[in-house]
Amino acid sequence: MNVAERAASWLAGDPDPDDRAELSALMAAAAHDPAAAAELADRVGTDLAFGTAGLRGPMAAGPNRMNRAVVIRATAGLAAYLTQCQVEGPVVVGHDARRGSAQYAAEVAAVLRGAGRAVATLPPRLPTPVLAFAVRRLGAAAGVMVTASHNPAPDNGYKVYLADGAQLAPPVDTQVAALIAAAPAAVEVPRGTGAEAIGDEVVAAYLDRAVGLLEPGGPRAVQVVHTALHGVASGVFRRAWAAAGFPTAVEVEEQAEPDPTFPTVRAPNPEEPGTLDLAAARAMAVGADLVLAHDPDGDRCAVMVPEPGRPGEVRGYRRLSGDEVGVLLAEHLLQHRRIPTDGVLATTIVSSGQLARLTEAAGRRCVLTPTGFKWLARVPGLAYAYEEALGYCVDPAAVADKDGITAALLIAEMAALSRLHGLRLTDRLDALAQRTGVHVGATRTVPVSSPAAAEAALDALLAAPPSRLAGDPVQARDLREIDDLPPSLGVLLTTDRLRAIVRPSGTEPKLKVYLHAVAEPPFLDLAAIRASLAALLDEAGDQLQRMITR
(Lines give C-alpha, C1' and ligand atoms only; values in the text may rest on other atoms or scores of the structure.)
Protein backbone atom coordinates (compact mmCIF):
# COMPACT_ATOMS: atom_id res chain seq x y z
CA MET A 1 0.00 0.00 0.00
CA ASN A 2 1.11 3.55 -0.63
CA VAL A 3 1.07 6.25 2.06
CA ALA A 4 -2.49 7.40 1.32
CA GLU A 5 -3.82 3.83 1.36
CA ARG A 6 -2.01 3.00 4.62
CA ALA A 7 -3.33 6.18 6.23
CA ALA A 8 -6.89 5.42 5.12
CA SER A 9 -6.63 1.83 6.35
CA TRP A 10 -5.35 2.92 9.76
CA LEU A 11 -8.01 5.62 10.01
CA ALA A 12 -10.76 3.07 9.42
CA GLY A 13 -9.50 0.90 12.28
CA ASP A 14 -8.77 3.59 14.87
CA PRO A 15 -11.37 3.71 17.70
CA ASP A 16 -10.30 7.10 19.06
CA PRO A 17 -12.29 10.04 17.63
CA ASP A 18 -9.62 12.60 18.50
CA ASP A 19 -6.89 10.56 16.83
CA ARG A 20 -9.08 10.03 13.77
CA ALA A 21 -9.69 13.77 13.50
CA GLU A 22 -5.97 14.47 13.88
CA LEU A 23 -4.96 11.97 11.20
CA SER A 24 -7.73 13.14 8.85
CA ALA A 25 -6.51 16.73 9.14
CA LEU A 26 -2.94 15.65 8.44
CA MET A 27 -4.08 13.67 5.37
CA ALA A 28 -5.90 16.72 4.03
CA ALA A 29 -2.89 18.98 4.62
CA ALA A 30 -0.54 16.47 2.97
CA ALA A 31 -2.26 17.04 -0.37
CA HIS A 32 -0.71 20.52 -0.68
CA ASP A 33 1.92 20.83 2.08
CA PRO A 34 5.25 18.95 1.64
CA ALA A 35 6.01 19.11 5.36
CA ALA A 36 2.62 17.56 6.18
CA ALA A 37 3.19 14.93 3.50
CA ALA A 38 6.54 14.01 5.07
CA GLU A 39 4.97 13.86 8.53
CA LEU A 40 2.17 11.62 7.25
CA ALA A 41 4.65 9.30 5.56
CA ASP A 42 6.62 9.02 8.81
CA ARG A 43 3.51 8.33 10.88
CA VAL A 44 2.03 5.61 8.65
CA GLY A 45 5.00 4.35 6.63
CA THR A 46 5.92 1.80 9.30
CA ASP A 47 4.73 0.51 12.66
CA LEU A 48 6.18 1.70 15.96
CA ALA A 49 8.99 -0.74 16.62
CA PHE A 50 8.41 -3.28 19.37
CA GLY A 51 11.94 -3.06 20.75
CA THR A 52 13.49 -2.41 24.18
CA ALA A 53 11.06 -4.35 26.40
CA GLY A 54 8.11 -3.01 24.40
CA LEU A 55 7.12 0.28 22.78
CA ARG A 56 8.20 3.88 23.19
CA GLY A 57 7.60 6.98 21.09
CA PRO A 58 5.83 10.33 20.69
CA MET A 59 2.07 10.40 21.31
CA ALA A 60 0.12 11.14 18.13
CA ALA A 61 -2.20 9.42 15.65
CA GLY A 62 -0.88 6.73 13.30
CA PRO A 63 0.79 3.30 13.53
CA ASN A 64 4.28 4.78 14.08
CA ARG A 65 3.23 6.74 17.18
CA MET A 66 1.95 5.96 20.69
CA ASN A 67 -1.86 6.06 20.84
CA ARG A 68 -4.86 4.01 21.90
CA ALA A 69 -5.00 1.99 18.71
CA VAL A 70 -1.32 1.02 18.94
CA VAL A 71 -1.73 0.06 22.59
CA ILE A 72 -4.82 -2.04 21.82
CA ARG A 73 -3.10 -3.98 19.03
CA ALA A 74 0.09 -4.43 21.07
CA THR A 75 -1.95 -5.89 23.92
CA ALA A 76 -3.83 -8.17 21.54
CA GLY A 77 -0.46 -9.50 20.35
CA LEU A 78 0.78 -10.01 23.91
CA ALA A 79 -2.43 -11.81 24.89
CA ALA A 80 -2.09 -14.06 21.84
CA TYR A 81 1.49 -14.90 22.82
CA LEU A 82 0.52 -15.82 26.38
CA THR A 83 -2.31 -18.01 25.11
CA GLN A 84 -0.12 -19.61 22.44
CA CYS A 85 2.53 -20.48 25.02
CA GLN A 86 -0.06 -21.56 27.60
CA VAL A 87 1.32 -19.21 30.26
CA GLU A 88 -0.96 -19.30 33.29
CA GLY A 89 -1.74 -16.53 35.73
CA PRO A 90 -2.97 -12.95 35.65
CA VAL A 91 -1.30 -9.99 33.97
CA VAL A 92 -0.36 -7.11 36.26
CA VAL A 93 -0.93 -3.63 34.80
CA GLY A 94 0.52 -0.36 36.11
CA HIS A 95 1.08 3.14 34.82
CA ASP A 96 3.00 6.35 35.50
CA ALA A 97 1.69 9.94 35.45
CA ARG A 98 2.37 10.88 31.83
CA ARG A 99 -0.33 12.23 29.59
CA GLY A 100 -2.40 9.31 28.35
CA SER A 101 -0.90 6.73 30.72
CA ALA A 102 -4.06 6.05 32.74
CA GLN A 103 -6.16 5.70 29.57
CA TYR A 104 -3.61 3.41 27.92
CA ALA A 105 -3.46 1.22 31.05
CA ALA A 106 -7.26 0.94 31.01
CA GLU A 107 -7.11 -0.20 27.38
CA VAL A 108 -4.47 -2.81 28.27
CA ALA A 109 -6.71 -4.21 31.01
CA ALA A 110 -9.81 -4.21 28.77
CA VAL A 111 -8.08 -6.03 25.90
CA LEU A 112 -6.58 -8.65 28.21
CA ARG A 113 -10.00 -9.24 29.78
CA GLY A 114 -11.50 -9.48 26.31
CA ALA A 115 -8.97 -12.24 25.58
CA GLY A 116 -10.11 -14.12 28.68
CA ARG A 117 -7.04 -13.24 30.74
CA ALA A 118 -7.24 -12.36 34.45
CA VAL A 119 -5.94 -8.86 35.13
CA ALA A 120 -4.67 -7.22 38.32
CA THR A 121 -4.29 -3.45 38.18
CA LEU A 122 -1.90 -1.62 40.49
CA PRO A 123 -2.87 1.62 42.24
CA PRO A 124 -2.30 4.58 39.93
CA ARG A 125 0.98 6.41 39.37
CA LEU A 126 3.51 4.01 40.89
CA PRO A 127 7.20 3.51 40.05
CA THR A 128 8.10 0.81 37.55
CA PRO A 129 10.05 -1.32 40.10
CA VAL A 130 6.81 -1.90 42.03
CA LEU A 131 5.30 -3.42 38.87
CA ALA A 132 8.35 -5.64 38.37
CA PHE A 133 8.09 -6.74 42.02
CA ALA A 134 4.36 -7.40 41.70
CA VAL A 135 4.80 -9.77 38.75
CA ARG A 136 6.76 -12.21 40.90
CA ARG A 137 4.85 -11.49 44.08
CA LEU A 138 1.52 -12.36 42.46
CA GLY A 139 2.78 -15.25 40.35
CA ALA A 140 1.69 -13.38 37.24
CA ALA A 141 2.00 -14.51 33.65
CA ALA A 142 3.32 -11.08 32.66
CA GLY A 143 3.26 -7.42 33.56
CA VAL A 144 2.62 -4.28 31.52
CA MET A 145 3.85 -0.89 32.69
CA VAL A 146 2.66 2.14 30.75
CA THR A 147 5.60 4.53 30.99
CA ALA A 148 8.12 6.37 28.85
CA SER A 149 10.62 6.47 31.73
CA HIS A 150 13.06 9.34 31.13
CA ASN A 151 12.00 10.15 27.55
CA PRO A 152 10.90 13.68 26.56
CA ALA A 153 7.46 14.94 27.64
CA PRO A 154 5.66 14.22 24.32
CA ASP A 155 6.50 10.50 24.57
CA ASN A 156 4.83 7.54 26.17
CA GLY A 157 5.63 3.84 26.25
CA TYR A 158 4.61 0.29 27.00
CA LYS A 159 7.03 -1.95 28.89
CA VAL A 160 6.46 -5.70 29.14
CA TYR A 161 7.69 -8.03 31.86
CA LEU A 162 7.51 -11.81 31.59
CA ALA A 163 6.64 -14.30 34.33
CA ASP A 164 10.22 -14.31 35.64
CA GLY A 165 9.81 -10.62 36.49
CA ALA A 166 12.37 -9.49 33.92
CA GLN A 167 11.88 -7.29 30.88
CA LEU A 168 10.88 -8.82 27.58
CA ALA A 169 13.93 -10.05 25.65
CA PRO A 170 14.80 -11.87 22.41
CA PRO A 171 13.47 -14.08 20.96
CA VAL A 172 10.14 -13.38 22.68
CA ASP A 173 10.09 -9.76 21.49
CA THR A 174 10.11 -10.81 17.83
CA GLN A 175 7.46 -13.45 18.49
CA VAL A 176 5.19 -10.89 20.15
CA ALA A 177 5.92 -8.36 17.39
CA ALA A 178 4.78 -10.88 14.78
CA LEU A 179 1.53 -11.48 16.66
CA ILE A 180 0.97 -7.72 16.95
CA ALA A 181 1.42 -7.40 13.19
CA ALA A 182 -1.17 -10.16 12.73
CA ALA A 183 -3.68 -8.59 15.14
CA PRO A 184 -6.92 -7.19 13.70
CA ALA A 185 -7.64 -3.48 13.47
CA ALA A 186 -8.01 -1.90 16.90
CA VAL A 187 -11.78 -1.40 16.50
CA GLU A 188 -12.18 -5.16 16.01
CA VAL A 189 -10.21 -6.25 19.11
CA PRO A 190 -12.56 -7.57 21.81
CA ARG A 191 -12.57 -5.79 25.15
CA GLY A 192 -13.86 -6.95 28.50
CA THR A 193 -14.35 -5.81 32.06
CA GLY A 194 -13.68 -7.21 35.50
CA ALA A 195 -10.03 -6.41 36.18
CA GLU A 196 -9.11 -6.80 39.87
CA ALA A 197 -7.91 -3.59 41.50
CA ILE A 198 -4.98 -4.28 43.84
CA GLY A 199 -4.87 -2.27 47.05
CA ASP A 200 -1.82 -1.08 48.95
CA GLU A 201 -0.73 -4.56 49.99
CA VAL A 202 1.73 -5.04 47.12
CA VAL A 203 3.33 -1.64 47.74
CA ALA A 204 3.59 -2.45 51.45
CA ALA A 205 5.25 -5.79 50.67
CA TYR A 206 7.67 -4.06 48.29
CA LEU A 207 8.58 -1.53 51.00
CA ASP A 208 9.11 -4.25 53.61
CA ARG A 209 11.47 -6.05 51.27
CA ALA A 210 13.33 -2.85 50.34
CA VAL A 211 13.87 -1.71 53.93
CA GLY A 212 14.88 -5.25 54.87
CA LEU A 213 17.96 -4.90 52.68
CA LEU A 214 19.49 -2.49 55.21
CA GLU A 215 21.45 -3.46 58.30
CA PRO A 216 19.05 -3.22 61.27
CA GLY A 217 20.17 -0.50 63.65
CA GLY A 218 22.86 0.67 61.26
CA PRO A 219 23.85 4.31 60.87
CA ARG A 220 21.23 6.60 59.38
CA ALA A 221 22.75 10.06 59.98
CA VAL A 222 22.82 11.51 56.48
CA GLN A 223 21.10 14.63 55.16
CA VAL A 224 19.67 14.11 51.70
CA VAL A 225 18.06 16.31 49.10
CA HIS A 226 15.69 14.34 46.86
CA THR A 227 14.03 15.06 43.55
CA ALA A 228 11.57 12.94 41.59
CA LEU A 229 11.93 15.14 38.47
CA HIS A 230 8.13 15.53 38.22
CA GLY A 231 7.72 11.75 38.13
CA VAL A 232 6.05 9.16 40.34
CA ALA A 233 8.85 8.16 42.73
CA SER A 234 8.25 10.62 45.58
CA GLY A 235 5.43 8.83 47.39
CA VAL A 236 7.09 5.41 47.54
CA PHE A 237 10.50 6.97 48.24
CA ARG A 238 9.16 8.94 51.23
CA ARG A 239 7.52 5.84 52.70
CA ALA A 240 10.70 3.79 52.25
CA TRP A 241 12.81 6.58 53.71
CA ALA A 242 10.66 6.92 56.81
CA ALA A 243 10.41 3.15 57.35
CA ALA A 244 14.20 2.85 57.12
CA GLY A 245 14.67 5.49 59.81
CA PHE A 246 16.61 8.09 57.83
CA PRO A 247 16.19 11.78 58.72
CA THR A 248 13.47 13.41 56.62
CA ALA A 249 14.80 14.15 53.14
CA VAL A 250 14.58 17.67 51.78
CA GLU A 251 12.43 17.55 48.66
CA VAL A 252 12.95 19.77 45.65
CA GLU A 253 9.39 21.03 45.97
CA GLU A 254 9.13 22.32 42.39
CA GLN A 255 9.75 18.76 41.13
CA ALA A 256 8.19 16.63 43.87
CA GLU A 257 4.72 16.03 42.42
CA PRO A 258 3.93 14.34 39.09
CA ASP A 259 3.61 16.71 36.15
CA PRO A 260 3.62 15.30 32.60
CA THR A 261 4.87 18.60 31.16
CA PHE A 262 8.12 18.44 33.20
CA PRO A 263 8.13 22.26 33.44
CA THR A 264 11.45 22.80 35.24
CA VAL A 265 13.73 20.67 33.05
CA ARG A 266 14.64 20.56 29.38
CA ALA A 267 14.50 16.75 29.54
CA PRO A 268 13.47 14.59 32.52
CA ASN A 269 16.64 12.52 32.27
CA PRO A 270 19.05 12.76 35.23
CA GLU A 271 21.95 12.07 32.86
CA GLU A 272 21.30 15.25 30.88
CA PRO A 273 23.30 18.38 31.75
CA GLY A 274 21.30 20.89 33.79
CA THR A 275 18.56 18.47 34.87
CA LEU A 276 19.80 18.37 38.46
CA ASP A 277 20.55 22.09 38.82
CA LEU A 278 17.60 22.75 41.13
CA ALA A 279 18.57 19.80 43.33
CA ALA A 280 22.18 21.00 43.52
CA ALA A 281 21.05 24.50 44.47
CA ARG A 282 18.81 23.12 47.23
CA ALA A 283 21.66 20.95 48.49
CA MET A 284 23.95 24.00 48.68
CA ALA A 285 21.30 25.90 50.61
CA VAL A 286 20.86 23.20 53.27
CA GLY A 287 24.39 21.78 53.28
CA ALA A 288 23.27 18.29 52.24
CA ASP A 289 25.56 15.26 52.38
CA LEU A 290 23.98 13.75 49.31
CA VAL A 291 21.57 14.41 46.46
CA LEU A 292 19.38 11.54 45.25
CA ALA A 293 17.41 11.96 42.03
CA HIS A 294 14.99 9.52 40.46
CA ASP A 295 13.96 9.51 36.84
CA PRO A 296 10.20 9.89 36.17
CA ASP A 297 9.31 6.21 36.62
CA GLY A 298 11.69 5.64 39.54
CA ASP A 299 13.77 2.81 38.12
CA ARG A 300 17.00 4.83 37.90
CA CYS A 301 18.82 6.83 40.56
CA ALA A 302 21.34 9.64 40.14
CA VAL A 303 23.70 10.64 42.94
CA MET A 304 25.36 13.99 43.57
CA VAL A 305 28.05 14.59 46.19
CA PRO A 306 29.66 17.74 47.60
CA GLU A 307 32.78 19.11 45.94
CA PRO A 308 35.04 20.51 48.68
CA GLY A 309 36.31 24.05 48.31
CA ARG A 310 38.29 25.89 50.96
CA PRO A 311 38.50 24.15 54.35
CA GLY A 312 35.02 23.66 55.74
CA GLU A 313 33.33 24.86 52.54
CA VAL A 314 31.54 23.20 49.64
CA ARG A 315 31.97 24.79 46.24
CA GLY A 316 29.25 22.77 44.53
CA TYR A 317 27.83 19.30 43.87
CA ARG A 318 28.86 16.89 41.16
CA ARG A 319 26.98 13.91 39.79
CA LEU A 320 28.71 10.61 40.20
CA SER A 321 28.74 8.49 37.06
CA GLY A 322 26.75 5.29 36.87
CA ASP A 323 30.01 3.38 36.89
CA GLU A 324 31.16 5.12 40.07
CA VAL A 325 27.90 4.43 41.92
CA GLY A 326 27.70 0.91 40.52
CA VAL A 327 31.15 -0.05 41.78
CA LEU A 328 30.62 1.67 45.15
CA LEU A 329 27.42 -0.33 45.67
CA ALA A 330 29.16 -3.56 44.68
CA GLU A 331 31.97 -2.91 47.18
CA HIS A 332 29.45 -2.06 49.90
CA LEU A 333 27.46 -5.24 49.34
CA LEU A 334 30.59 -7.38 49.22
CA GLN A 335 32.11 -5.83 52.36
CA HIS A 336 28.93 -6.35 54.34
CA ARG A 337 28.44 -9.94 53.17
CA ARG A 338 25.17 -9.28 51.41
CA ILE A 339 26.19 -11.21 48.33
CA PRO A 340 26.38 -14.99 48.74
CA THR A 341 29.74 -16.61 48.05
CA ASP A 342 28.40 -18.16 44.83
CA GLY A 343 26.54 -15.01 43.81
CA VAL A 344 27.37 -13.49 40.42
CA LEU A 345 27.90 -9.77 39.81
CA ALA A 346 27.18 -8.37 36.36
CA THR A 347 27.39 -5.27 34.26
CA THR A 348 27.25 -4.46 30.55
CA ILE A 349 29.87 -4.18 27.83
CA VAL A 350 29.54 -0.38 27.80
CA SER A 351 30.36 -0.07 31.51
CA SER A 352 33.88 0.35 32.87
CA GLY A 353 36.13 -2.60 33.68
CA GLN A 354 36.38 -1.67 37.36
CA LEU A 355 33.66 -4.08 38.55
CA ALA A 356 35.52 -7.01 36.99
CA ARG A 357 38.71 -6.02 38.84
CA LEU A 358 36.86 -5.58 42.12
CA THR A 359 35.14 -8.96 41.88
CA GLU A 360 38.35 -10.71 40.85
CA ALA A 361 40.13 -9.31 43.92
CA ALA A 362 37.22 -10.52 46.07
CA GLY A 363 37.30 -13.99 44.51
CA ARG A 364 33.90 -13.52 42.92
CA ARG A 365 32.60 -13.91 39.37
CA CYS A 366 31.75 -10.99 37.10
CA VAL A 367 29.70 -11.41 33.91
CA LEU A 368 29.35 -8.95 31.02
CA THR A 369 26.20 -8.70 28.90
CA PRO A 370 24.87 -6.50 26.10
CA THR A 371 23.28 -3.24 27.24
CA GLY A 372 19.99 -3.42 29.08
CA PHE A 373 18.51 -5.13 32.10
CA LYS A 374 16.65 -7.56 29.87
CA TRP A 375 20.08 -9.24 29.61
CA LEU A 376 21.50 -8.46 33.05
CA ALA A 377 18.47 -9.80 34.93
CA ARG A 378 18.81 -13.20 33.26
CA VAL A 379 22.43 -13.88 34.25
CA PRO A 380 22.37 -17.24 36.07
CA GLY A 381 23.05 -16.89 39.79
CA LEU A 382 22.78 -13.09 39.66
CA ALA A 383 23.22 -11.35 43.01
CA TYR A 384 23.92 -7.77 41.86
CA ALA A 385 23.97 -5.88 38.58
CA TYR A 386 24.36 -2.35 37.33
CA GLU A 387 24.53 -0.47 34.04
CA GLU A 388 26.32 2.83 33.49
CA ALA A 389 23.01 4.58 32.62
CA LEU A 390 22.26 4.96 36.37
CA GLY A 391 20.50 1.61 36.75
CA TYR A 392 21.18 -0.66 39.76
CA CYS A 393 19.68 -4.03 40.69
CA VAL A 394 20.53 -4.71 44.33
CA ASP A 395 17.91 -7.40 45.05
CA PRO A 396 17.34 -9.48 41.89
CA ALA A 397 15.38 -12.13 43.78
CA ALA A 398 12.64 -9.55 44.38
CA VAL A 399 12.99 -7.07 41.50
CA ALA A 400 14.65 -8.52 38.41
CA ASP A 401 15.27 -5.09 36.96
CA LYS A 402 16.89 -1.79 37.85
CA ASP A 403 15.30 -0.24 40.93
CA GLY A 404 16.01 3.35 41.91
CA ILE A 405 14.20 3.13 45.27
CA THR A 406 16.15 0.22 46.77
CA ALA A 407 19.36 1.60 45.30
CA ALA A 408 18.71 4.96 46.98
CA LEU A 409 18.32 3.27 50.37
CA LEU A 410 21.62 1.41 50.04
CA ILE A 411 23.45 4.48 48.74
CA ALA A 412 22.24 6.46 51.75
CA GLU A 413 23.26 3.64 54.10
CA MET A 414 26.70 3.61 52.49
CA ALA A 415 27.01 7.40 52.84
CA ALA A 416 25.92 7.31 56.50
CA LEU A 417 28.41 4.54 57.29
CA SER A 418 31.19 6.46 55.55
CA ARG A 419 30.26 9.64 57.45
CA LEU A 420 30.47 7.71 60.72
CA HIS A 421 34.10 6.97 59.90
CA GLY A 422 34.87 10.51 58.76
CA LEU A 423 34.84 9.59 55.07
CA ARG A 424 32.98 10.77 51.98
CA LEU A 425 31.89 8.66 49.05
CA THR A 426 34.63 10.34 47.01
CA ASP A 427 37.20 9.09 49.56
CA ARG A 428 35.94 5.57 48.96
CA LEU A 429 36.27 6.08 45.21
CA ASP A 430 39.88 7.22 45.70
CA ALA A 431 40.65 4.13 47.77
CA LEU A 432 39.11 1.93 45.11
CA ALA A 433 41.22 3.62 42.43
CA GLN A 434 44.41 2.86 44.34
CA ARG A 435 43.43 -0.82 44.39
CA THR A 436 41.78 -1.35 41.00
CA GLY A 437 43.02 1.54 38.82
CA VAL A 438 41.61 4.88 37.77
CA HIS A 439 38.67 4.22 35.45
CA VAL A 440 37.29 7.22 33.56
CA GLY A 441 34.27 7.13 31.26
CA ALA A 442 32.46 9.57 29.02
CA THR A 443 29.32 9.38 26.90
CA ARG A 444 28.34 11.26 23.75
CA THR A 445 24.96 11.25 22.00
CA VAL A 446 24.40 11.91 18.32
CA PRO A 447 20.77 12.45 17.21
CA VAL A 448 19.62 10.50 14.14
CA SER A 449 16.42 10.63 12.13
CA SER A 450 15.40 6.98 12.55
CA PRO A 451 16.59 3.49 13.57
CA ALA A 452 17.46 2.85 9.92
CA ALA A 453 19.66 5.95 9.88
CA ALA A 454 21.42 4.74 13.04
CA GLU A 455 22.12 1.36 11.50
CA ALA A 456 23.39 2.99 8.30
CA ALA A 457 25.76 5.19 10.32
CA LEU A 458 27.09 2.14 12.18
CA ASP A 459 27.60 0.23 8.93
CA ALA A 460 29.53 3.20 7.52
CA LEU A 461 31.71 3.39 10.65
CA LEU A 462 32.43 -0.33 10.52
CA ALA A 463 33.24 -0.20 6.79
CA ALA A 464 35.57 2.79 7.19
CA PRO A 465 36.68 3.14 10.84
CA PRO A 466 39.23 5.77 11.79
CA SER A 467 42.80 4.60 11.30
CA ARG A 468 43.73 6.46 14.49
CA LEU A 469 41.70 7.57 17.48
CA ALA A 470 43.17 10.32 19.68
CA GLY A 471 46.43 9.68 17.85
CA ASP A 472 46.61 5.91 18.43
CA PRO A 473 46.09 3.04 15.94
CA VAL A 474 42.57 1.56 16.08
CA GLN A 475 41.15 -1.94 15.90
CA ALA A 476 37.45 -2.07 14.93
CA ARG A 477 35.03 -4.95 15.59
CA ASP A 478 31.35 -5.59 14.98
CA LEU A 479 29.61 -6.22 18.33
CA ARG A 480 27.43 -8.80 16.60
CA GLU A 481 30.49 -10.98 16.06
CA ILE A 482 31.95 -10.97 19.58
CA ASP A 483 32.04 -14.44 21.12
CA ASP A 484 30.17 -15.26 24.34
CA LEU A 485 27.68 -12.39 23.88
CA PRO A 486 24.23 -12.35 22.29
CA PRO A 487 24.33 -10.41 19.00
CA SER A 488 24.18 -6.67 19.70
CA LEU A 489 24.15 -3.88 17.12
CA GLY A 490 27.20 -1.66 17.52
CA VAL A 491 30.87 -1.06 16.78
CA LEU A 492 33.77 -1.60 19.20
CA LEU A 493 36.90 0.53 18.68
CA THR A 494 40.00 -0.13 20.77
CA THR A 495 43.44 1.45 21.07
CA ASP A 496 46.26 0.90 23.56
CA ARG A 497 44.84 3.70 25.73
CA LEU A 498 41.07 3.61 25.37
CA ARG A 499 37.93 1.77 24.30
CA ALA A 500 34.90 3.16 22.49
CA ILE A 501 31.57 1.53 21.72
CA VAL A 502 29.09 3.14 19.33
CA ARG A 503 25.55 1.77 19.41
CA PRO A 504 21.96 2.93 18.91
CA SER A 505 19.87 3.99 21.87
CA GLY A 506 17.16 1.47 22.63
CA THR A 507 14.62 4.14 23.56
CA GLU A 508 15.28 7.31 21.53
CA PRO A 509 16.42 8.23 17.98
CA LYS A 510 20.11 8.69 18.74
CA LEU A 511 23.47 6.98 18.59
CA LYS A 512 25.40 6.68 21.83
CA VAL A 513 29.18 6.70 22.09
CA TYR A 514 30.64 5.13 25.25
CA LEU A 515 34.30 5.89 25.96
CA HIS A 516 36.52 4.39 28.64
CA ALA A 517 40.16 4.68 29.66
CA VAL A 518 42.09 3.23 32.61
CA ALA A 519 45.38 3.97 34.36
CA GLU A 520 47.14 1.48 36.61
CA PRO A 521 48.00 2.10 40.29
CA PRO A 522 49.74 3.32 42.37
CA PHE A 523 49.10 7.06 42.02
CA LEU A 524 50.52 10.13 43.66
CA ASP A 525 48.07 12.57 42.09
CA LEU A 526 44.67 11.04 41.36
CA ALA A 527 43.20 14.34 40.19
CA ALA A 528 45.91 14.78 37.57
CA ILE A 529 45.48 11.22 36.29
CA ARG A 530 41.72 11.62 36.03
CA ALA A 531 42.09 14.94 34.21
CA SER A 532 44.55 13.39 31.75
CA LEU A 533 42.24 10.47 30.97
CA ALA A 534 39.24 12.79 30.65
CA ALA A 535 41.14 14.93 28.14
CA LEU A 536 42.01 11.80 26.15
CA LEU A 537 38.35 10.76 26.05
CA ASP A 538 37.27 14.28 25.06
CA GLU A 539 39.64 14.18 22.10
CA ALA A 540 38.41 10.75 21.02
CA GLY A 541 34.76 11.71 21.57
CA ASP A 542 35.09 14.87 19.47
CA GLN A 543 36.70 12.88 16.67
CA LEU A 544 34.01 10.18 16.66
CA GLN A 545 31.18 12.69 16.87
CA ARG A 546 32.53 14.51 13.82
CA MET A 547 32.84 11.25 11.89
CA ILE A 548 29.32 10.08 12.73
CA THR A 549 27.78 13.47 12.01
CA ARG A 550 29.39 13.55 8.57
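Given the options A97, A140, A132, name the one that is buried (at least 24 other Cβ atoms within 10 Å of the Cβ) and touching a residue at least 60 places away in the same chain (Cβ under 8 Å). First the steps, then the outcome.
Values: A97 fails: buried (at least 24 other Cβ atoms within 10 Å of the Cβ); A140 fails: touching a residue at least 60 places away in the same chain (Cβ under 8 Å).
From the options A97, A140, A132, the qualifying one is A132.
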(message) Considering only segment 477-494, I want to know if a residue exists there that is over 30 Å from P170 (Cα atoms) and modelled with pLDDT of 90 or more.
(response) no
(message) Can you go through V502, V474, V491 and tell me which one is in contact with a Lys or Arg (Cβ under 7 Å, 6 or more places away or on another chain) and in the same structural domain as P521 (by TED's automatic domain parsing)?
(response) V474
(message) Of everything in segment 9-18, what is without any contact (Cβ under 8 Å) to a residue 24 or more places away in the chain and surrounded by 15 or more Cβ atoms within 10 Å (Cβ to Cβ)? Give them in sequence order.
(response) L11
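I'd like to know if segment 383-405 contains one or more residues that are surrounded by fewer than 20 Cβ atoms within 10 Å (Cβ to Cβ) and on the phi > 0 side of the Ramachandran plot.
no
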(request) From (1) over 22 Å from S505 (Cβ atoms); (2) aliphatic (A, V, I, L, M); (3) at pLDDT below 95, pick out the condition that doesn't hold for I349. (result) (1)
(message) Return the residues of segment 189-234 that are part of a helix (DSSP H, G or I) and among the aliphatic types (A, V, I, L, M); say none if nothing qualifies.
(response) V202, V203, A204, A205, L207, A210, V211
(request) Please determine, by comparing only the residues of segment 302-323 that are in contact with a Pro (Cβ under 8 Å, 6 or more places away or on another chain) and buried (at least 22 other Cβ atoms within 10 Å of the Cβ), which one is farthest from T443 (Cα to Cα). (result) Y317
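Mind telling me which of the residues V203, V176, V189 ends up being in contact with a strand residue (DSSP E or B) (Cβ under 9 Å, 6 or more places away or on another chain) and aliphatic (A, V, I, L, M)?
Details: V203 fails: in contact with a strand residue (DSSP E or B) (Cβ under 9 Å, 6 or more places away or on another chain); V189 fails: in contact with a strand residue (DSSP E or B) (Cβ under 9 Å, 6 or more places away or on another chain).
Exactly one residue qualifies, and that residue is V176.
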(message) For segment 270-289, give me the residue count where each residue is modelled with pLDDT of 95 or more and closer than 21 Å to R98 by Cα.
(response) 3
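Among the residues in segment 155-169, are any touching a Pro at 6+ places or on another chain (Cβ under 6 Å) and either charged (D, E, K, R) or outside any loop (DSSP other than H, G, I, E, B) (or both)?
Residues of segment 155-169 that are touching a Pro at 6+ places or on another chain (Cβ under 6 Å), as a first pass: 155.
Filter again for either charged (D, E, K, R) or outside any loop (DSSP other than H, G, I, E, B) (or both), leaving 155.
Within segment 155-169, one or more residues are touching a Pro at 6+ places or on another chain (Cβ under 6 Å) and either charged (D, E, K, R) or outside any loop (DSSP other than H, G, I, E, B) (or both).
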(request) Kindly provide the set of residues from segment 27-41 that are surrounded by 15 or more Cβ atoms within 10 Å (Cβ to Cβ) and within 29 Å of Y158 (Cα to Cα), ordered by number. (result) M27, A36, A37, E39, L40, A41
(message) Given the options R319, R300, R338, R315, name the one that is without any contact (Cβ under 8 Å) to a residue 12 or more places away in the chain and not small (G, A, S).
(response) R315
(request) Looking only at segment 204-253, count how many residues are among the charged types (D, E, K, R) and surrounded by 15 or more Cβ atoms within 10 Å (Cβ to Cβ). (result) 5
(message) If I ask for residues that are touching a Gly at 6+ places or on another chain (Cβ under 9 Å) and among the small types (G, A, S), which ones from segment 63-81 would you list?
(response) A69, A74, A76, A79
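Just to be sure before I move on: is F246 at pLDDT 95 or above and not in a helix (DSSP H, G or I) in the structure I sent?
On the way: at pLDDT 95 or above: yes; not in a helix (DSSP H, G or I): yes.
Yes.
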(message) Quick check on segment 442-461. Is at least one of its residues under 30 Å from A362 (Cβ atoms) and in the same structural domain as R530 (by TED's automatic domain parsing)?
(response) yes
(request) Tell me which residues, restricted to segment 202-261, are in contact with a Pro (Cβ under 9 Å, 6 or more places away or on another chain) and among the basic types (K, R). (result) R220
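The values are calculated or read from the model by the stated rules, or taken from the named source; none is laboratory data. Just so it is clear, the model here is predicted, and its values are computed rather than measured. Cβ: placed from backbone, ideal geometry, glycine included. Neighbour counts: every protein chain shown.
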